[in-house]
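Quick notes on the structure that follows.
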Amino acid sequence: MPERTVEIDIRKDLFGANEEAAAMNAATFKDHGITAIDIMGSVGTGKTQIIEALCDRLKGMYRILMIAGDLATTIDADRVSSHGVDTVQINTRTACHLDARMVRVALNDVDLSLYDLVFIENVGNLICPAGYSLGVDKKVVVVSVTEGPYMVRKHPLTIKRSDMVVINKIDLAEAIGVDVDSLVNDVREVDARIPVYSVSAKSDTGIDRLIEGLGL
Ligand SMILES: Nc1nc2c(ncn2[C@@H]2O[C@H](COP(=O)(O)OP(=O)(O)OP(=O)(O)O)[C@@H](O)[C@H]2O)c(=O)[nH]1
Ligand SMILES: [Mg+2]
């Protein structure tokens, strides 16, 4: 018999450490007067396209840094930097989400006095990123009409853990046969306090209202 048995709650350990790193990130952002926004959502919902649209509108008003979370490539960072915005790449290799420590490491080499707005594009995934605080001001989840009519109802936890829902690709709603108002109602059913914005990032529809909603 062992003298002593130590029970390790891996989830508690993992999430506790993440919360600590997230609190440090939040303090760092605050010290530099930076607003930080985490953009989450499944693969291909339009996270990068939305960041590009936001950057086009906001780059004259804010000094923007984009942190791109991606398993293997710099494609999204390259897209955003073509808009004249500075970018930092995090390649997670095997991880299906960003965590606060990864963001902390990425910020190590950045002179944060050069920025006042940080967009973090999370790894394309509707489930895992919502479980990890990054120390941001807002967690935004992007749902696309192309994911079909049930995506909000099927992912209530992700919706609940978000500060805002953006329904993207509304230009395709009719062709896909998805009712945008139903998706909005589904969000209200999950949590009526969460603001919802319907946009088409590609055709630049609804972006001004989204910017207002983000308080930018
Ligand atoms: N029709 C239409 N297409 C869009 C819209 N937003 C994005 N797209 C297209 O959808 C595809 C995926 O968009 P991305 O911005 O790369 O999506 P993402 O969520 O960043 O994808 P990952 O980073 O790979 O997870 C691209 O071909 C975009 O041009 C939109 O509002 N309407
Ligand atoms: Mg992307």
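Rule-based calculations on the coordinates, nothing more; no lab input. As the structure is a prediction and not an experimental result, all values here were calculated from the model. Here the Cβ positions follow ideal geometry from the backbone for every residue, glycine too, while neighbour counts run over all protein chains shown.
Structure values in brief
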quantity: Matching residues in region 130-156 - criterion: being over 16 Å from residue 196 (Cα atoms) and in contact with a helix residue (DSSP H, G or I) (Cβ under 8 Å, 6 or more places away or on another chain); calculated: 130, 131, 132, 133, 134, 135, 136, 137, 146, 148
quantity: Subset of region 181-203 that is in contact with a strand residue (DSSP E or B) (Cβ under 8 Å, 6 or more places away or on another chain) and under 17 Å from residue 158 (Cβ atoms) - its residue that is surrounded by the most Cβ atoms within 10 Å (Cβ to Cβ); calculated: 183
quantity: Scope region 41-67; condition within 11 Å of ligand 2 (Cβ to nearest atom) and touching a Lys or Arg at 6+ places or on another chain (Cβ under 9 Å); matching residues; calculated: 41, 45, 46, 48, 49, 51, 52
quantity: Selected residue (criterion: farthest from ligand 2 (Cβ to nearest atom)) from residues of region 113-127 that are under 21 Å from residue 215 (Cα atoms) and surrounded by 19 or more Cβ atoms within 10 Å (Cβ to Cβ); calculated: 115
quantity: Criterion: near ligand 1 (Cβ under 10 Å from one of its atoms), touching a residue at least 12 places away in the same chain (Cβ under 8 Å) and surrounded by 19 or more Cβ atoms within 10 Å (Cβ to Cβ) - qualifying residue of 206, 135; calculated: 206
quantity: Residue within region 47-59 that is within 17 Å of residue 112 (Cα to Cα), without any contact (Cβ under 8 Å) to a residue 40 or more places away in the chain and away from ligand 1 (no atom under 16 Å from the Cβ) present; calculated: yes
quantity: Region 60-78: number of residues that are near ligand 1 (Cβ under 9 Å from one of its atoms) and either under 22 Å from residue 214 (Cα atoms) or touching a Gly at 6+ places or on another chain (Cβ under 6 Å) (or both); calculated: 3
